[in-house]
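The values are calculated or read from the model by the stated rules, or taken from the named source; none is laboratory data. Keep in mind that what you see is a predicted model, and the values were worked out from it rather than measured. Neighbour counts are summed over all protein chains in view; Cβ atoms, including those assigned to glycine, are modelled from backbone coordinates with ideal geometry. Heads up: the accessible areas ignore ligands, DNA and RNA and are worked out on the full protein's heavy atoms, side chains in. Shrake-Rupley method; radii C 1.70, N 1.55, O 1.52, S 1.80 Å.
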Amino acid sequence: MVNTGRTPKRGLLSIVSGNTPQARSRAVDTLRRAVPDAVVLSVSVDDEGGRYPFVQRVVSCGDGQLRDELCRAATGDPAVIVRQDLEAIARRTTRPHVVLALPAELDAQLFLAALWQTPLGRTPTA
């Protein structure tokens, strides 16, 4: 391993999930008051029995350009889509604090396990 002398970028990821939109909103508001420059990534997943779910993401932050780039809807694996958004946020901000707001319909533990799986082709031997 080569030491480049640079400190790796690290941020903080807070996960907010709850059984009602009001509870999630209160938790997100509390985090935003504590960390005003946090990036909030709100996710909704609509899976009407189709092969690929419809994933909508809304970003709340002070950076209008980042918000415009990431506020989109897509069809596909929610973990892959959110992972790409988190990587984009990490590239654009220094030591970001990201609040990931997940809908109640999404099992947060299973989603986070899928989110942190090593993507295909990114292993050290790939």
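Does Ala34 meet the test of being exposed (fewer than 14 other Cβ atoms within 10 Å of the Cβ), among the aliphatic types (A, V, I, L, M), at pLDDT below 85 and over 13 Å from the mean Cα position of the chain (by Cα)?
In short, no.
Could you check segment 91-113 and list, in sequence order, the residues that are of a type outside the set (Val, Ile, Thr), outside any loop (DSSP other than H, G, I, E, B), open to solvent by less than 40 Å² (accessible area, probe 1.4 Å) and closer than 23 Å to Glu69 by Cβ?
Listed by number, the residues that qualify are His97, Leu100, Ala101, Leu102, Phe111.
Which residues, taken from segment 37-55, are within 19 Å of Val98 (Cα to Cα) and either in a loop (DSSP other than H, G, I, E, B) or modelled with pLDDT under 85 (or both)?
Within segment 37-55, Asp37, Ala38 qualify.
Cβ-Cβ under 9 Å, sequence separation 6+ or interchain: first residue in segment 51-63 and among the acidic types (Asp, Glu), partner modelled with pLDDT of 80 or more. Which pairs?
Close Cβ pairs (under 9 Å, with a partner that is modelled with pLDDT of 80 or more) amount to Asp63/Val39; Asp63/Arg92.
Of the residues Thr75, Thr4, which is modelled with pLDDT under 70, open to solvent by 60 Å² or more (accessible area, probe 1.4 Å) and among the β-branched types (Val, Ile, Thr)?
Only one candidate qualifies: Thr4.
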